[in-house]
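To keep things clear, I will list the structure first and then write my remarks on it.
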Amino acid sequence: MKALVYTAPNETQLRELPMPELVPGEVVLKIEAVGICGSDMHAWHGHDPRRKPGLVLGHEFVGSVAQSAAPGFDLGRRFTGNPLITCGTCEFCVQGRNNLCANRTMVGMTRAGAFAEYMSIPAASLIAMPQDLPARAAALTEPAATAWHAIHLVLRVLVRPIHECRVLVIGGGAIGMLSALLLRHLGAAEVVLAELNALRRDAVARYASAKVVDPRETPPAEAAFDVVIDAVGAKPTRDQAIAAVKPGGVVMHVGLQDWASEIDMRRLTLAEITLLGTYTYTTADLRATVAALARGVFGDLAWVEERALDEGQKAFVDLDRGLCAAAKVLLRP
Ligand SMILES: [Zn+2]
Ligand SMILES: [Zn+2]
């Protein structure tokens, strides 16, 4: 089978690999479409010690069963999957918070990912997909579920309904874009999105009908937003988020571009700001997101770009150089 292998920092190669071995309890999916995630970009840059050269990356996939060693998973049925392979028995798994599983491993990190014609995955990780949902929607399940989980954590702690809230989203990548779309759907009073890349700003303005700003020219007003979603997660955006949120407001930290920086604990304390972190999604979030995508909650997704897997290396380079207006590029094997 053809696979796009991460071979060295800033390099992938299209290679011929043996078919994945079918092991008991797993199925081999024929991959239909797979998204390039920010974390794949991070690995491609050589910045993720857990993802080493020689690995097939990719964890935002949709495919159909090509071989099955698990009962009840018929050939040809379509699935996405939870890329976090979880134990099902730890404290967090039994609470239904399996995104926090103490024993988790991950597709495209600790095992071969989906930038390939075929990929094997435990049947227990699969999530059924409507047979007729377009591939571009189906392959967006994972990033959309990340936004879904984050925004539902925010909704849980809001003092006033989202309909009354002004929301600032920092970052117009896939998570920022999907968050803006979901917030519009939920009826947020106002959504402003700050993004440095002009191509991305145009896409967000067009498809998420959010007000977009270049934060270098128009820094977000201070103490002006009930909710701030930081979908970048770097020192300057964290500072911006803490400054922009109203007293009593909520800051949600979704992106994680760099790890360590001081935050203004004085403002956090005196202005009684709630600072939340979020990590991925639970299986319940993934299922809810499939249903939401099928209902059109995230719109027509015309902003998503599709390319051939053979052109994968160029897609990584274009994303790296900021040449993609699309906040999400899907590869089609
Ligand atoms: Zn992802
Ligand atoms: Zn667990």
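Derivation of every value follows stated rules applied to the coordinates shown; laboratory data play no part. In this text, all values refer to a predicted model and were calculated from it rather than measured experimentally. Quick reminder, even Gly has a Cβ in these numbers, built from the backbone with ideal geometry, and neighbours come from all protein chains shown.
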HIS47 is checked against (1) within 16 Å of ligand 1 (Cβ to nearest atom); (2) assigned to a loop (DSSP other than H, G, I, E, B); (3) touching a strand residue (DSSP E or B) at 6+ places or on another chain (Cβ under 8 Å); (4) not hydrophobic (A, V, I, L, M, F, W, C) and fails just one. What number does that condition carry?
-> (3)
What tally of residues in the range 71-103 results from selecting those that are closer than 16 Å to ALA284 by Cβ and surrounded by 17 or more Cβ atoms within 10 Å (Cβ to Cβ)?
-> 11
Going through the range 228-245 one residue at a time, which ones are hydrophobic (A, V, I, L, M, F, W, C) and outside any strand (DSSP E or B)?
-> ALA231, VAL232, ALA234, ALA241, ILE242, ALA243, ALA244
Return only the number of the condition from (1) assigned to a strand (DSSP E or B); (2) crowded, with 20+ Cβ neighbours inside 10 Å; (3) in contact (Cβ under 8 Å) with a residue 60 or more places away in the chain that GLY248 does not satisfy.
-> (2)
Subset tally (residues that are within 11 Å of ligand 2 (Cβ to nearest atom) and either among the aliphatic types (A, V, I, L, M) or under 28 Å from TRP44 (Cα atoms) (or both)) for the range 89-127 | 9
Of the residues in the range 163-182, those that are touching a residue at least 40 places away in the same chain (Cβ under 8 Å), part of a helix (DSSP H, G or I) and either crowded, with 17+ Cβ neighbours inside 10 Å or not acidic (Asp, Glu) (or both) come to ALA174, ILE175, GLY176, MET177, LEU178, SER179, LEU181, LEU182
Across the range 8-44, what is the number of residues that are more than 14 Å from GLY312 (Cα to Cα) and either assigned to a helix (DSSP H, G or I) or of a type outside the set (D, E, K, R) (or both)?
-> 18
Hey, among the residues in the range 207-240 that are touching a strand residue (DSSP E or B) at 6+ places or on another chain (Cβ under 6 Å), over 15 Å from GLY172 (Cα atoms) and aliphatic (A, V, I, L, M), which one's surrounded by the most Cβ atoms within 10 Å (Cβ to Cβ)?
-> VAL227
